[in-house]
Amino acid sequence: MTKTLRFLLGDQLTRAISALDGLAPGDVALMAEVADETRYVRHHKQKIVLILSAMRHFALELAAEGVAVDYVRLDDPANTGSFTGELARAVARHRPSRVVVTEPGEWRVREMMSEWSAALGVPVEIRDDDRFFCSRADFARWAEGRAALRMEFFYRDMRRRTGFLMRDDAPVGGRWNFDVENRRSLPDKFRAPTRRRFAPDALTQEVMALVETRCADHFGDLDSFGWPVTRAQALAALDDFLAKSLPSFGDYQDAMRTGAPFLYHGLLSTSLNIGLLTPHEVCVAAERAFLAGRAPLNAVEGFIRQILGWREYVRGVYWLCMPDYRESNALRAARPLPWFYWSGETRMNCLAQTVADTRQNAYAHHIQRLMVAGNFALLAGVAPEAIEEWFLIVYADAFEWVELPNVHGMAIFADGGLLASKPYAASGAYIDRMSNYCKSCFYEAQAKSGARACPFNYLYWNFFLENRERLAKTPRLAMPLKALDAMSAERKAEIVRDAASFLKGPEMAPTPGGSETEAQGRLPL
Ligand code: FAD
Ligand code: DLZ
Ligand code: SF4
């Protein structure tokens, strides 16, 4: 009789996953491709290929190591299409004395798991996911009794706890945060480093064919698929990043450039999120690059802050505040998602470029996500659930534990300031400074009103006008609110007029034909 059935999910692809701790002869590792997971939102095609291909590669690696793997393919005629159904079938096949799983990355799957033991009549042990620096319990302890949760203080604690970039009890370089040195715009003549991408092997190609058949109507291109699908590839991608991009990561972290979707970013989130790399090894490698003089402090601190700080912090907030977290809508945003988020057909060049990059790569870097796609949704008052679903669909690294706090809290301030101290609202001037998008835009970044004015400009002030009272107590907004109060009544009326006309106009049409009746955010190209 099999002793233990160990069920591994598609984002738990590491030999070090807690579900495999204590693996013994006779145990079976179960992995299942299930239709429910491919369609609980209509993921970008590259995301599905990434997960299924990485699952198949990992199953082969486990088997090569001598682990008994029971692998259920999506096209298996007996496949029930759900985690619960496949676990039930596997329990019937193997008759284990217990099932062991690692907690999942999404609340909805955690809810499923809590019913498995009773439903299947077998003990189910749900283990912590110890791939993170900070456990859920430690985060809850850190958060307890604090008037406000702030990433910066969490991050300092994490630096102290882990010792990254610390000398004795002080931060290396004398400061915790080199963010102000991470905002340079790119020189006009500049060539982005070529990045290590991975041509699909036969196994990945097989999955691509499956996805093209089964998910033909999902958003996104597949031709440009180049994500690491094995640990060896992920390590090669990490080495490539450390050598070619990390040194300039800090300087140009916030920059955007047409035709250069990756710039100096890590391209590591898919590998980190599905288990091909650990956050620990990535931070160690970055710190070593600094210590060896191969990368400057503003780059390495900025990079480590994203992983040791933001990544851990958003996960902590997610598990601390779910399931209520996603229900808040502090700014009462209710507009449908404009169709151009799918089609890219908008005269706003920054958004057209961001959607094009997203369609092609299932990737956009942080500033495109936050200050273009997120900022527009914030300023235009797009309903939280519509923009959240879009973010969960379109990025290959999107799992709810990391996507939801970034969108709901950081980008659209729907949590009213629980995660971030102020909304990341910005006018066209910011995008103009950080990118070359405005140079080829129909709209004029410097124009404040009229038909050619950049919509971000009047939407920015309209956002503060509409939310004046709701944001009155947000300390870091004192400057824009003061400027708003000093504005003449005529100027305010002009802003409201321009914004109303834009928000009712063709750019904001929620469907290709502009019809209000079709479901929003559920109609991928
Ligand atoms: P780099 O810029 O090289 O950063 C290095 C690493 O830091 C990333 O790989 C990632 O693991 C981590 N990181 C950086 N910023 C964050 C952050 N804010 N939260 C968590 N981790 C971070 N990241 C996801 O992994 N999945 C998502 O679904 C996701 N959705 C986002 C939605 C919005 C609105 C915003 C503003 C950010 C989102 N992020 C998400 C965070 C960040 O944009 C991506 O992690 C990053 O763009 C991934 O690319 P990279 O590996 O090149 O990152
Ligand atoms: C995202 C995804 C997809 C598309 N398909 C599968 C799958 O077929 N089997 C699987 O085990 N996992 C898949 N995943 C990842 C899960 O959605 C993910 O593990 C949960 O959302 C929990 O984070
Ligand atoms: Fe975007 Fe405005 Fe610049 Fe056009 S002018 S690219 S809409 S910021």
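Numbers at a glance
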{"read-out": "Tensor-based shape of the stretch 177-246 (alpha-carbon gyration tensor, a/c under 1.5 rounded, otherwise prolate or oblate)", "value": "prolate"}
{"read-out": "Rounded to the nearest 20 debye, dipole of the chain from Cβ charges on Lys, Arg, Asp, Glu", "value": "1300 debye"}
{"read-out": "Subset of 448/473; 422/492; 448/492; 422/448 violating a 19 Å alpha-carbon distance limit", "value": "448/473; 422/492; 422/448"}
{"read-out": "Label zone at residue 3, where the point sits 7 Å out along the Cα-to-Cβ direction: the stretch 64-78 residues whose backbone N lies under 20 Å", "value": "64-70"}
{"read-out": "FRET E, pair residue 185, residue 479, Förster distance 25 Å, beta-carbon r, rounded to 0.05", "value": "0.70"}
{"read-out": "Potential extension, residue 73-residue 487 segment - 0.36 nm per residue separation minus Cα distance", "value": "142.8 nm"}
{"read-out": "Cα gyration tensor category, rounded, prolate or oblate, for the stretch 340-508 with a/c compared to 1.5", "value": "oblate"}
{"read-out": "The chain: angle of helix 231-244 to the longest principal axis, Cα-based, in degrees nearest 10", "value": "30 degrees"}
{"read-out": "The stretch 4-127: relative contact order in percent, alpha carbon pairs under 8 Å with at least 6 residues between", "value": "33 percent"}
{"read-out": "Separation of alpha-carbon centers, the stretch 241-315 and the stretch 15-33, rounded to whole Å", "value": "31 Å"}
{"read-out": "Estimated FRET transfer efficiency (residue 442, residue 472; beta-carbon r; R0 25 Å; 0.05)", "value": "0.10"}
{"read-out": "Cα-centre dipole for the stretch 340-508 with unit charges at Cβ (Lys and Arg positive, Asp and Glu negative), debye to 20", "value": "680 debye"}
{"read-out": "Cα gyration tensor category, rounded, prolate or oblate, for the chain with a/c compared to 1.5", "value": "prolate"}
{"read-out": "Residue-span extension gain [residue 433 to residue 36] - 0.36 nm each, minus C-alpha spacing", "value": "138.6 nm"}
{"read-out": "Cβ-based charge dipole, the chain, positive-most Cα from 279, 232, 451", "value": "451"}
{"read-out": "Dipole magnitude of the stretch 4-127, debye to nearest 20 (Cβ charges: Lys/Arg +1, Asp/Glu -1, about Cα centre)", "value": "160 debye"}
{"read-out": "Residue 343-residue 119 pseudo-label distance in nm [points 7 Å out on the Cα-to-Cβ vector]", "value": "4.0 nm"}
{"read-out": "For the chain, share of DSSP beta bridges that run antiparallel, in % to the nearest 5", "value": "10 percent"}
{"read-out": "Segments 355-365, 482-492 sorted - mean Cβ within 10 Å per residue, highest first", "value": "355-365, 482-492"}
{"read-out": "Residues listed by number, the stretch 95-124, amide nitrogen under 17 Å from residue 130 label point at 7 Å toward C-beta", "value": "100-104"}
{"read-out": "Hits among lysines - C-alpha to C-alpha of residue 189 under 19 Å, sequence gap 8 or more where chains match", "value": "244, 439"}
{"read-out": "On Cα atoms only, tilt of 384-394 relative to the major axis of the chain in degrees", "value": "60 degrees"}
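Where a number appears in this text, it was derived from the coordinates with a stated rule and is not lab data. It should be emphasised that the depicted structure is a prediction, and the values quoted were computed from it without experimental measurement. Quick reminder, even Gly has a Cβ in these numbers, built from the backbone with ideal geometry, and neighbours come from all protein chains shown.
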